[in-house]
Amino acid sequence: MSKKTLVLTGANGQLGKSIQKLWDAAPIHDCFHLLAFDKQQLDITDRESLQQQLNNLKVDVIINAAAYTAVDAAQESEANAELAYAINAHGPKNLARWAQAADAKLIHISTDFVFDGTATSPYPIDAQPNPRGVYAASKLAGEQAVLEALPNKAIVLRVSWLYSEYNSNFVKTMLGLLATRESIAVVSDQIGAPTSAGSLGEVLFNIAVSDNGNGIYHWSDDGSISWYDFAVAIQEEGIAAGLVAHSVPINPITTDEYPTVVARPAYSVLDRSRTEADFTCTAPPWREQLKLVIQHLADREQTH
């Protein structure tokens, strides 16, 4: 039986790199070829170029992991705002239009930021979005464009607090601060659920091979914590893995004490139940995933 083809955009992002690392050992490898493109190789914002390139391939599934993620920078200049919309809204629309014409499936990654963070229990998939800031609004516009252009074969997967051993993210930032500071302060009144790019990759493989599903889904690892709780756990796991030399004080602060250009959601835990039901997957505990990622970082450091 000939293999199908899966196109991955955003290959140099932390999710793109994690998917490529997982690919060869995953069951999806037996039935799909992976074609991974970074933004130089496949520019989703250039509709004509995109169509020309994809028309030369027989594509069955696209995972769109390309994104503009600089939350504060998007707010700070008109040029950045335009770039955020180009990548987060117009690019996904171009992919969805091509997929509609080619009868391909599109899995588009979105974010918990589409919500305003005023909830007190996990956001269901049909909760009313209320984006705060340009980045969040651009991501919501992307969701809407994808679902409108590709009503029957599009999956929008919202994800919260994504991190990995690649690129820059909260876990790697904290490890860097723990190595260089005498103490650090971390916000304790914003609650969410971390998601490792590795566990997300496995779920995306399940979705890619499944005939099930359409519309909006949510994913994160299991549990809900504050950024402060996350930082404390990063230090503990970092010490255990030999990445952090010694414990430093981590002080809880309020959002008001750490102002940002764009307000972060005070609560952004996502309800995963539809994803778990439709794609027969169970979210792993967030702490277990954190331990894995920190161990990967420690292993990499030992080999260099």
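Assorted remarks:
- So PHE37, is it farther than 15 Å from LYS139 by Cβ and more than 19 Å from the chain's Cα centre (by Cα): no
- The helices (runs of 4 or more DSSP H) falling completely within segment 48-159 that include 2 or more residues that are open to solvent by less than 40 Å² (accessible area, probe 1.4 Å) and at pLDDT below 95 map to 71-76.
- Among the candidates ALA11, ALA25, residue that is of a type in the set (Gly, Ala, Ser), within 25 Å of SER164 (Cα to Cα), within 22 Å of the chain's Cα centre (by Cα) and open to solvent by less than 30 Å² (accessible area, probe 1.4 Å): ALA11
- Number of residues in segment 282-304 that are at pLDDT below 95 and under 18 Å from TRP161 (Cβ atoms) equals 0.
- Considering residues of segment 245-275 that are modelled with pLDDT of 95 or more and under 19 Å from ARG181 (Cα atoms) only, the residue surrounded by the most Cβ atoms within 10 Å (Cβ to Cβ): ILE250
- Unique residue being out of contact with any Gly (no Cβ under 8 Å at 6 or more places or on another chain), hydrophobic (A, V, I, L, M, F, W, C) and part of a strand (DSSP E or B) when the list is VAL171, VAL186: VAL186
- Screening segment 160-179 for residues that are in contact with a helix residue (DSSP H, G or I) (Cβ under 6 Å, 6 or more places away or on another chain) and of a type in the set (Phe, Trp, Tyr) and picking the one that is most open to solvent (accessible area, probe 1.4 Å) gives TYR166.
- Residue that is farthest from ILE109 (Cα to Cα) [pool: residues in segment 25-42 that are touching a residue at least 12 places away in the same chain (Cβ under 8 Å) and in a loop (DSSP other than H, G, I, E, B)]: CYS31
- ALA36 surrounded by fewer than 18 Cβ atoms within 10 Å (Cβ to Cβ), under 24 Å from HIS296 (Cα atoms), at pLDDT 95 or above and among the aliphatic types (A, V, I, L, M): no
Let's see how each residue does on (1) closer than 24 Å to VAL114 by Cα; (2) part of a helix (DSSP H, G or I):
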{"site": "ILE207", "(1), (2)": "yes, yes"}
{"site": "TYR217", "(1), (2)": "yes, no"}
{"site": "PHE230", "(1), (2)": "yes, yes"}
{"site": "VAL261", "(1), (2)": "yes, no"}
{"site": "LEU292", "(1), (2)": "no, yes"}
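The values are calculated or read from the model by the stated rules, or taken from the named source; none is laboratory data. What you see is a predicted model; the values in this text were computed from it and never measured. Cβ: placed from backbone, ideal geometry, glycine included. Neighbour counts: every protein chain shown. Heavy atoms of the whole protein, side chains included, go into the accessibility calculation; ligands, DNA and RNA do not. Shrake-Rupley method; radii C 1.70, N 1.55, O 1.52, S 1.80 Å.
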